[in-house]
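Report on the following structure.
Read-outs throughout are calculated quantities, based only on the coordinates presented, and are distinct from any laboratory measurement. Model, not experiment: these values are computed from the prediction. Here the Cβ is made from the backbone with ideal geometry for all residues, glycine too, and neighbour counts use every protein chain on show.
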Amino acid sequence: MSKFVILLGGTVHVTDRLRQLVAGARVLAADGGIAHAESLGLVPELWLGDFDSTSPELDEQYADVPRVVFPAAKDMTDGELALNEAWRLGATEVILCGAFGGLRTDHTLLHLTMATAQAAEGRKLILSSGAEEAHPLVAGAYEFDFADGTLFSIVAFTPLEGLSIEGARWPLENMELSFGSSLTVSNAVCGSLHVSLHSGKAILIAAPQTAQRL
């Protein structure tokens, strides 16, 4: 297994869970996402992007990190460029760190949909801000290690067939879910969370630091 972390420009809350998630990984930074490296105790091996969101202070602080510079007029985001580089370098699992929040909602949505599209090709990805964590769901079965009471939602990107949820306050069995449905929003873990899906694409978004009493 070769785990990579990609530092993105969204929000990061440093938690014990996030530190464990990124431990032992190789690290790539996408443009201004390198700002999260110090707080996580990470040293990027490569820094990619058009560097339009890199401050002079970061430029000086990480002057020794090898860079790949792209023009601002390009057909991919810095995050997608870094993700492609991770796969090229042999990644078998990628954590997109800083994938939520920040000033660009379009980038957040792209990270969620891009990760799900990649998962449909058999690749393993997790998205995290520390406060929130997202796991793409395509046809298959999944087991999660969230604590009791952890809040989670499943958001469908396509119609879903055969959706089952076990180990939750509101379980489901072999359900069909239409695109845009809010049925699977605001659930909570109750035991060991298992999710399975016959067909479709969705993403599970959890808040590991926010638990309710069950």
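Within straight cross-link reach of Lys201, meaning Cα distance under 18 Å, which aspartates and glutamates are found once same-chain residues fewer than 8 apart are removed? By straight Cα distance, Lys201 reaches Glu121, Glu133, Glu143, Glu161, Glu173, Glu176. Selection among Pro66, Ser55, Ala188 by position relative to the dipole of the chain gives Ala188 as farthest towards the positive end (Cβ unit charges, Cα centre).
Taking a cut-off of 22 Å between Cα atoms, list the lysines near Lys3, but don't count ones fewer than 8 places away on the same chain. Within the straight-line cut-off, Lys3 pairs with Lys124. Of (1) 19.9; (2) 17.8; (3) 17.1, which is the value of Kirkwood radius over Cα pairs in Å derived from the coordinates here? The value computed from this structure is option (2).
When DSSP beta bridges are limited to those with both residues in the chain, what percentage is antiparallel, rounded to the nearest 5? Don't jump to the answer; show the numbers that get you there.
Details: 29 of 49 bridges.
Of the beta bridges lying entirely in the chain, close to 60 percent run antiparallel.
For segment 85-121, the set of GluC sites (Glu not before Pro) satisfying both a DSSP loop assignment and a count of at most 12 other C-beta atoms within 10 Å is given as Glu121.
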